[in-house]
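Heads up: the structure comes next, in C-alpha cells.
The values are calculated or read from the model by the stated rules, or taken from the named source; none is laboratory data. Source: prediction; values computed, not measured. Positions of Cβ are backbone-derived with ideal geometry, glycine not excepted, and every protein chain shown enters the neighbour counts.
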Amino acid sequence: MSRAVLKFTRVSPTKARLIAREVQGMNAELALASLEFMPNKAAGIISKVIASAVANGDFEPEEVVITSCRVDKAAVMKRFRPRARGTATRVIKPTSHIMVEVAKAKEA
C-alpha cells in the first residue's frame, strides 16, 4: 500500500469530493483514463495525486486499486471586494487537502 497527499490546493473540497467518490475503488489505470476526460478542475488535480501514489509504491497503474480517496477541508483565504457606497463584501477562497491510498489488486 502506498499513499500520496497534496495539501492546500486551491479547489473547493465540496467540488473535489464529487470527483473523489467517482474514482474510489477503481483500478488506477481506469481512474486515470476517466479523469483525463472530465472537465472539472479537481479531476486534473486528483489525477496527478493518483499518479503520485502509484509511483510512490513503485507500482504500475494496471496492478493497483484506489482503496481510499479523501478530500479534507483546509484553511480558507478571506478576501474583500469593494461594493457600492464604500462598503465591502467578503470573498471566501477555499482550499483542500487531497489524500489518495492505493493497494495491490487482489487476483481472483
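Miscellaneous remarks
- For region 46-55, residues that are in contact with a Pro (Cβ under 6 Å, 6 or more places away or on another chain) and farther than 17 Å from A105 by Cβ total 0.
- Any hit, region 56-73, residues being closer than 25 Å to K106 by Cβ, out of contact with any Asp or Glu (no Cβ under 7 Å at 6 or more places or on another chain), among the polar types (S, T, N, Q) and modelled with pLDDT of 95 or more: yes
- Where S47 falls short, out of the listed (1) under 15 Å from L18 (Cβ atoms); (2) at pLDDT below 95: (2)
- Test result for R85, at positive phi and not in a strand (DSSP E or B): yes
- When A4, A31, A42 are checked against the criterion of being surrounded by 14 or more Cβ atoms within 10 Å (Cβ to Cβ), touching a Lys or Arg at 6+ places or on another chain (Cβ under 8 Å) and either at negative phi or not in a helix (DSSP H, G or I) (or both), a single residue qualifies: A42.
- Condition check for R85: under 25 Å from A42 (Cα atoms) and either exposed (fewer than 13 other Cβ atoms within 10 Å of the Cβ) or among the aromatic types (F, W, Y) (or both): no
- Restricting A103, A75 to residues that are part of a strand (DSSP E or B) and surrounded by 14 or more Cβ atoms within 10 Å (Cβ to Cβ) narrows the list to A103.
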